[in-house]
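Accompanying notes for the structure given below.
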Amino acid sequence: MMRIANAARAVAVATLIAGVTLTAAPASAAVSVSFQGAQAQYDNNPGNNAESWVWVYAANWAAARVEYRHYDGTGGSLSTTSSASRTLNKDIWQIRVCVDSWSVGPAGCSDWS
């Protein structure tokens, strides 16, 4: 009976250690936002030697833009009537996607994410 208890304890400890080891790897900070059919996404670990990457998509009937903010208070935007992307030299803190013209509803912006 004692061997079974010790074996179960060893398995539990090994599982705990393996779980910690697996979750300790750095994660990519990717965020996606959708609004009125437009979509935007950023990734602060794109794997192409850039600090960050931002992308925006507008459906055929829309013009859209992604607005982004960096941690240092600077920012910018990227507009498209189809899709566009840009690599940046700073990590992104927040984005929002805006629809500038839309034939089936009002224009506007998502909340900051």
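Which of the residues belonging to the stretch 46-86 are of a type in the set (Ser, Thr, Tyr), without any contact (Cβ under 8 Å) to a residue 24 or more places away in the chain and buried (at least 17 other Cβ atoms within 10 Å of the Cβ)?
Within the stretch 46-86, no residue meets the criteria.
Determine whether VAL13 is surrounded by 10 or more Cβ atoms within 10 Å (Cβ to Cβ) and modelled with pLDDT of 95 or more.
Spelling it out, it is not the case that VAL13 is surrounded by 10 or more Cβ atoms within 10 Å (Cβ to Cβ) and modelled with pLDDT of 95 or more.
Would you mind telling me which numbered condition in (1) within 12 Å of VAL56 (Cβ to Cβ); (2) touching an Asp or Glu at 6+ places or on another chain (Cβ under 8 Å) SER83 fails?
Against the list (1) within 12 Å of VAL56 (Cβ to Cβ); (2) touching an Asp or Glu at 6+ places or on another chain (Cβ under 8 Å), SER83 comes up short only on (2).
Filter the stretch 87-113 down to residues that are aromatic (Phe, Trp, Tyr) and touching a Lys or Arg at 6+ places or on another chain (Cβ under 6 Å) and give me whichever is surrounded by the most Cβ atoms within 10 Å (Cβ to Cβ).
TRP93
Could you run through the stretch 33-54 and say how many residues are under 18 Å from GLY108 (Cα atoms) and either within 14 Å of the chain's Cα centre (by Cα) or aromatic (Phe, Trp, Tyr) (or both)?
Summing the residues that are under 18 Å from GLY108 (Cα atoms) and either within 14 Å of the chain's Cα centre (by Cα) or aromatic (Phe, Trp, Tyr) (or both) in the stretch 33-54 gives 6.
Can you tell me how many residues within the stretch 81-113 are within 19 Å of the chain's Cα centre (by Cα), more than 11 Å from ALA40 (Cα to Cα) and of a type in the set (Ser, Thr, Tyr)?
Within the stretch 81-113, residues that are within 19 Å of the chain's Cα centre (by Cα), more than 11 Å from ALA40 (Cα to Cα) and of a type in the set (Ser, Thr, Tyr) number 1.
Kindly state which strands (runs of 3 or more DSSP E) lie completely within the stretch 53-101 and contain at least 1 residues that are out of contact with any Phe, Trp or Tyr (no Cβ under 9 Å at 6 or more places or on another chain).
Here the list reads 62-70, 75-80.
The values are calculated or read from the model by the stated rules, or taken from the named source; none is laboratory data. It should be emphasised that the depicted structure is a prediction, and the values quoted were computed from it without experimental measurement. Reconstructed Cβ throughout: ideal geometry from the backbone, glycine too, with neighbour counts over all protein chains shown.
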